[in-house]
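**Student:** What follows is a structure written as structure tokens; I'll ask about it next.
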Amino acid sequence: MVIGLGSGHASLLAIQYLGQQLRSGAIKDIVGIPTSISSASEAAKAGIPLDCYEDTSLIDFAFNDADIIEEETLVAVIGHRKLQGEESLIQEKNIVNAAKKLAFIVTEKQYKDELEGSVPVLVHSFNWMEPAEEIDDLFLGDAEVWRRSSIGHAGPTGGDFPLLTKEGHNILDVIFTSPILSLAEVARSLENIGGVIDHGIICKIPCTAVIASQDGVSFVENSQNIEK
């Protein structure tokens, strides 16, 4: 199997467990495609054979942390974590979307019907203010738009050191101050704005949510199509 190795704290634990199973002989013949530098490093330490992602890559299964995930539809948001140099939110999203089967790992606090938090949006760095203003107008009164900084929290403009992704894009964090009624609708609205390259919303079928709570682990699968 070819496995997309996710990013985030829970995914790193899953990579460690996968390596243990491989070393013990419980599983064999797997190749991992890491979604980030941290997942590649953890997989190398765990002894998991690795390959690089390409547009033609066939991925049997992938797992990844989600920042928030919508009940029933399992539409998720990724990209809240701070990217390291040469990391790519686009590549992480492509690997997740390319997988035949996908599991998001979340806590029960991240799995909810009334969503809150932020959605990362990738824009061209040379004219980032134009899409930022359009996004601000689109969600006027419901969200604030901040350009992500590479150092600390610099405010709406990203300060003197705005973050540049591997591809040279800026990240706008659309910080919702009102409940998000539909992540799929937010995704559709963002994709209609000129200058928006991509965003951190993932609408994927089939998908399984692995939900951790104090009472144990539960599993939920999405059972309906998402109009996208």
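The values are calculated or read from the model by the stated rules, or taken from the named source; none is laboratory data. If you're wondering where the values come from, they're calculated on a predicted model, not measured in any experiment. Note that we place each Cβ from the backbone using ideal geometry, even for glycine, and neighbour counts take in every protein chain shown.
**Student:** Kindly establish whether Leu138 is out of contact with any strand residue (DSSP E or B) (no Cβ under 8 Å at 6 or more places or on another chain), outside the structural domain of Tyr53 (by TED's automatic domain parsing), of a type in the set (A, V, I, L, M) and within 18 Å of Glu191 (Cβ to Cβ).
**Tutor:** The answer is yes for Leu138.
**Student:** Sticking with this one: Quick one: would you say Tyr17 is in contact (Cβ under 8 Å) with a residue 24 or more places away in the chain and of a type in the set (Phe, Trp, Tyr)?
**Tutor:** Details: in contact (Cβ under 8 Å) with a residue 24 or more places away in the chain: no; of a type in the set (Phe, Trp, Tyr): yes.
It is false that Tyr17 is in contact (Cβ under 8 Å) with a residue 24 or more places away in the chain and of a type in the set (Phe, Trp, Tyr).
**Student:** Determine, yes or no, whether Gly200 is under 22 Å from Ile95 (Cβ atoms) and in contact with a Gly (Cβ under 9 Å, 6 or more places away or on another chain).
**Tutor:** yes
**Student:** Which of the following residues is on the phi < 0 side of the Ramachandran plot, touching a Cys at 6+ places or on another chain (Cβ under 8 Å) and touching a residue at least 24 places away in the same chain (Cβ under 8 Å): Leu183, Leu172, Leu163?
**Tutor:** Numbers: Leu172 fails: touching a Cys at 6+ places or on another chain (Cβ under 8 Å); Leu163 fails: touching a Cys at 6+ places or on another chain (Cβ under 8 Å).
After applying the criteria, what remains is Leu183.
**Student:** With Ile48, Ile3, Ile33, Ile59 as the choices, which residue is in contact with a Ser or Thr (Cβ under 9 Å, 6 or more places away or on another chain), farther than 23 Å from Lys109 by Cβ and modelled with pLDDT of 95 or more?
**Tutor:** Working: Ile48 fails: in contact with a Ser or Thr (Cβ under 9 Å, 6 or more places away or on another chain); Ile3 fails: in contact with a Ser or Thr (Cβ under 9 Å, 6 or more places away or on another chain); Ile59 fails: in contact with a Ser or Thr (Cβ under 9 Å, 6 or more places away or on another chain).
Testing whether each residue is in contact with a Ser or Thr (Cβ under 9 Å, 6 or more places away or on another chain), farther than 23 Å from Lys109 by Cβ and modelled with pLDDT of 95 or more leaves just Ile33.
**Student:** Against the conditions (1) loosely packed, with under 14 Cβ neighbours inside 10 Å; (2) outside any strand (DSSP E or B); (3) modelled with pLDDT under 95, where does Glu133 fall short? Just the number, please.
**Tutor:** (3)
**Student:** How many residues does the stretch 107-119 hold that are over 21 Å from Glu185 (Cβ atoms) and either part of a strand (DSSP E or B) or of a type in the set (Gly, Ala, Ser) (or both)?
**Tutor:** The number of residues fulfilling the criteria is 1.
**Student:** Now for a different question. Report, by residue number, each residue of the stretch 63-76 that is touching a helix residue (DSSP H, G or I) at 6+ places or on another chain (Cβ under 8 Å) and either under 29 Å from Lys28 (Cβ atoms) or assigned to a loop (DSSP other than H, G, I, E, B) (or both).
**Tutor:** The answer is Phe63, Asn64, Asp65, Ala66, Asp67, Thr73, Val75.
**Student:** While we're here: Please verify whether Asp60 is outside any loop (DSSP other than H, G, I, E, B), among the acidic types (Asp, Glu) and either under 30 Å from Gln214 (Cβ atoms) or not assigned by TED's automatic domain parsing to the domain that holds Phe161 (or both), treating the condition exactly as stated.
**Tutor:** On the way: outside any loop (DSSP other than H, G, I, E, B): yes; among the acidic types (Asp, Glu): yes; either under 30 Å from Gln214 (Cβ atoms) or not assigned by TED's automatic domain parsing to the domain that holds Phe161 (or both): yes.
In short, yes.
**Student:** Turning to a different aspect of this structure: From the list Ala76, Ala99, pick out the single residue that is in the same structural domain as Gly8 (by TED's automatic domain parsing), buried (at least 23 other Cβ atoms within 10 Å of the Cβ) and either within 26 Å of Arg148 (Cβ to Cβ) or not aliphatic (A, V, I, L, M) (or both). Before you say what the answer is, go through the steps one by one.
**Tutor:** Details: Ala99 fails: either within 26 Å of Arg148 (Cβ to Cβ) or not aliphatic (A, V, I, L, M) (or both).
Just one listed residue meets the conditions, Ala76.
**Student:** Has the stretch 189-211 got at least one residue that is part of a strand (DSSP E or B), in contact with an Asp or Glu (Cβ under 7 Å, 6 or more places away or on another chain), within 17 Å of Ile68 (Cα to Cα) and not assigned by TED's automatic domain parsing to the domain that holds Leu74? Walk me through how you get there before you give the answer.
**Tutor:** Looking only at the stretch 189-211, we keep the residues that are part of a strand (DSSP E or B), and these are 196-199, 201-202, 208-211.
Next cut, in contact with an Asp or Glu (Cβ under 7 Å, 6 or more places away or on another chain) only: 208, 211.
Okay, now just the ones that are also within 17 Å of Ile68 (Cα to Cα), so 208, 211.
Going one step further and asking which of them are not assigned by TED's automatic domain parsing to the domain that holds Leu74, we end up with none.
Checked the stretch 189-211: no residue is part of a strand (DSSP E or B), in contact with an Asp or Glu (Cβ under 7 Å, 6 or more places away or on another chain), within 17 Å of Ile68 (Cα to Cα) and not assigned by TED's automatic domain parsing to the domain that holds Leu74.
**Student:** Just to be sure I understand, how many residues within the stretch 119-130 are at pLDDT below 95 and either touching a Cys at 6+ places or on another chain (Cβ under 6 Å) or under 20 Å from Thr177 (Cβ atoms) (or both)?
**Tutor:** So the count comes out to 0.
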